[in-house]
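A.B. asks: Have a look at this one.
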Amino acid sequence: MTQIQALTEFTNAPQPLRGNEGAPIIGPTNPTHEAQNPDTLVPPREDHGTLPNLRWSFADSHMHLTSGGWGRQTTARELPVSTELAGVSMRLKAGGVREMHWHKAAEWAFMLKGRARITAIDQDGRAFQDDVGEGTCGTSGPGSHTRFRASRATGASSCSSSTTATFRKRRPSCSPTGSPTLPKRFLPRTLACPRARSRTSRRRSSGSFRRRFPARSPRIGSPAPGRCV
């Protein structure tokens, strides 16, 4: 890089300057990231003292990879100022399955791309199933069991949020046999597994995996954008 090129790059990069306050960065810098956070690089005069970090990018979150896709999350560990909400970004391959699991907190989800089949069972044993597409949102109450299966044609991408800052996508309760709220008689038909297997002890979760996509459910329709289920 020539001296002129270096000077041009230095001049165009965002700098911590506010009037006669601050000084140009002459050490290591990340211009792209700093340009995305102008109020962090050059705080407003009204800011007083040290403010906590008020943002976190999913691009900075640890990625959990499985045979069915990937997931990443933002909790109080990544964003300590968020004491009541946590977020998850998830991608499932075509035919990928987010295995049945449940959380102690309520959860909502929004479909970003693709299509998926959602199955839910609440603590009273009431079941729900539908196909959802881009723009569809849904909620589940505390203790509800949920399962997602991506379309074999498009796969699926979604984001979700939970009403607890310690929510962890990799460690929800993932074996329905470990739930004291779900009657065991629902398991063989819901999960397509033998009754004997449904009595087995809790297993370690893999999070998501791939499986052959079944025939369409007779209850399933084409949801309109923004429809809540």
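The values are calculated or read from the model by the stated rules, or taken from the named source; none is laboratory data. Please read all numbers here as calculations on a predicted model, not as lab measurements. Here Cβ is always computed from backbone atoms with ideal geometry, including for glycine, and neighbour counts include all displayed protein chains.
A.B. asks: Given the conditions (1) farther than 20 Å from Arg72 by Cα; (2) out of contact with any Pro (no Cβ under 9 Å at 6 or more places or on another chain); (3) in contact (Cβ under 8 Å) with a residue 60 or more places away in the chain; (4) not charged (D, E, K, R), report the number of the one that Ser157 does not fulfil.
C.D. replies: Unmet condition: (1).
A.B. asks: Residue by residue through segment 90-147, note down the ones that are surrounded by fewer than 18 Cβ atoms within 10 Å (Cβ to Cβ) and of a type in the set (Ser, Thr, Tyr).
C.D. replies: Result: Thr119, Thr139.
A.B. asks: Checking the conditions here, which among Asn37, Asn53 is assigned by TED's automatic domain parsing to the domain that holds Pro16 and not acidic (Asp, Glu)?
C.D. replies: One residue alone meets the criteria, Asn37.
A.B. asks: If you take the residues in segment 148-158 that are touching a Gly at 6+ places or on another chain (Cβ under 7 Å) and part of a strand (DSSP E or B), which one is nearest to Phe110 (Cα to Cα)?
C.D. replies: Only one residue fits best here, namely Ser157.
A.B. asks: Just to check your reading of the model, which residue among Leu112, Leu92, Leu79 is in the same structural domain as Ser160 (by TED's automatic domain parsing), farther than 15 Å from Ser158 by Cα, within 15 Å of the chain's Cα centre (by Cα) and in contact (Cβ under 8 Å) with a residue 12 or more places away in the chain?
C.D. replies: The conditions single out Leu79.
A.B. asks: Name every residue in segment 102-153 that is over 18 Å from Trp70 (Cα atoms) and of a type in the set (Lys, Arg), in order of residue number.
C.D. replies: Lys104, Arg126
A.B. asks: Of the residues Trp102, Trp70, which single one is touching a Pro at 6+ places or on another chain (Cβ under 7 Å) and either at pLDDT 90 or above or within 17 Å of Thr163 (Cα to Cα) (or both)?
C.D. replies: The unique qualifying residue is Trp102.
A.B. asks: While we're looking at this one, here's another question. If you scan segment 21-49, which residues turn out to be surrounded by 13 or more Cβ atoms within 10 Å (Cβ to Cβ), in a loop (DSSP other than H, G, I, E, B) and under 27 Å from the mean Cα position of the chain (by Cα)?
C.D. replies: Within segment 21-49, Asn37 is the sole residue that qualifies.
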